[in-house]
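The values are calculated or read from the model by the stated rules, or taken from the named source; none is laboratory data. Given the structure is predicted, the values throughout are model-derived calculations rather than measurements. Here the Cβ positions follow ideal geometry from the backbone for every residue, glycine too, while neighbour counts run over all protein chains shown.
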Amino acid sequence: MPDTTPLLIVAGTLAILLLIQQWLAQVSKRAKAVRSIAKTEQAQGKPLLKGLSVMGLDERGIRSLRTLMKDTDSVALAIFLAFNRPVIQELDRYLQHLFEQFCNAPDAVTAASLPTPPAGMRIGALSTTERNLLLNRDPRQPRHIDRALMARFGGHAFLPHFALYSSRKSGVTLHVPPFDTDRTLFETLAKSGIASRGRQIPLQQRLSVLKMQELRQMGKDLKLARKFTRKADATEALSQIPGSAVLLSMQYVIDDLFMLNPLDVDPHAIKQEWAWLMAYAKLLNSVSPRRTALSSTQAVAKQKSR
């Protein structure tokens, strides 16, 4: 009789391979199902409170958002929104509807003439200016204020640091002595590259801190025959003479000189976006604190039941 052992081995191997193939197919199906569920949950968002769902936050972030809404601190909430960029789906759809229906509407548009916001928010809690900010800005348009920009302005201290930046002219040398109330802010901006400090500032720009009379006297001290009538001409000429830096250091401590650098984003656009975020936050804060607190309690109960 012929030896059938090799055939049995081949048949057994094929059977094992077939079982492995079936097992892998089942694993692949389960993985696809898990991914599909995750995508569905992501698209639907997570419950924030009754009538509102949010995307882009984990459970800890959602708890922080609820707390900020309950505290009704619009500045803190606006900073949170700018830093974390959550998508509050029902509110964003509402604002998109306002933009499409009332864009460029006159100030005559009243709160009573607008559709009711979701989740018990009160559009009447906003001023006319704040309402118009929401009416005239597409909530889907790209934003300038993000984590990277905020980090350059001191992170959660973004608001006072940017307010200082926008109140001063960039490219101008400023003398900020240690006792100045803005000194710490300038030092923070210098660390992040928003401002230049001391020797980081080109000599010509450092010399601009001097008054015209002081520049003329420096020219005489350096035996410069040329007489100046324009400050720009004086600083340019004196910056070519090495002794100018020495004479300047005799009048000002070099590390007390700062110069704000120009941004690659229009500061006016940042101001407008911040004003929009504040209006957005104020509308969120118009939700009744009792409603927010009740939602938080329900969320905790739901977590325990799982």
Output yes when any residue across the range 142-159 is β-branched (Val, Ile, Thr), more than 16 Å from residue 281 (Cβ to Cβ) and surrounded by 15 or more Cβ atoms within 10 Å (Cβ to Cβ), and no when none is. no
Let me spell it out: the conditions are (1) modelled with pLDDT of 90 or more; (2) under 30 Å from residue 89 (Cβ atoms), and residue 143 meets all of them except one. Which number is the exception? (1)
Got at least one residue in the range 99-107 being within 20 Å of the chain's Cα centre (by Cα) and under 14 Å from residue 280 (Cβ atoms)? no
Pair list, Cβ under 8 Å, 6 or more apart: the range 177-190 residue under 19 Å from residue 262 (Cβ atoms), other residue of a type in the set (S, T, N, Q): 190/196; 190/200
Given the conditions (1) within 16 Å of residue 286 (Cβ to Cβ); (2) at pLDDT below 75, which single one is not true for residue 42? (1)
What number of residues within the range 140-160 satisfy the criterion of being more than 9 Å from the chain's Cα centre (by Cα), assigned to a loop (DSSP other than H, G, I, E, B) and either not assigned by TED's automatic domain parsing to the domain that holds residue 273 or not basic (Lys, Arg) (or both)? 4
Under the condition of being assigned to a loop (DSSP other than H, G, I, E, B) and of a type outside the set (Asp, Glu), which residue from the range 123-139 is surrounded by the most Cβ atoms within 10 Å (Cβ to Cβ)? 126
Take the residues in the range 188-199 that are in contact with a strand residue (DSSP E or B) (Cβ under 8 Å, 6 or more places away or on another chain) and not in a strand (DSSP E or B); name whichever of them is farthest from residue 152 (Cα to Cα). 198
Got a number for residues in the range 215-237 being hydroxyl-bearing (Ser, Thr, Tyr) and either outside the structural domain of residue 249 (by TED's automatic domain parsing) or at pLDDT 90 or above (or both)? 1
Taking the range 229-260, which residues are in contact (Cβ under 8 Å) with a residue 60 or more places away in the chain, surrounded by fewer than 20 Cβ atoms within 10 Å (Cβ to Cβ) and not in a loop (DSSP other than H, G, I, E, B)? 256
For residues that are of a type in the set (A, V, I, L, M) and in a helix (DSSP H, G or I), scanning just the range 92-122, find the one that is modelled with the highest pLDDT. 95
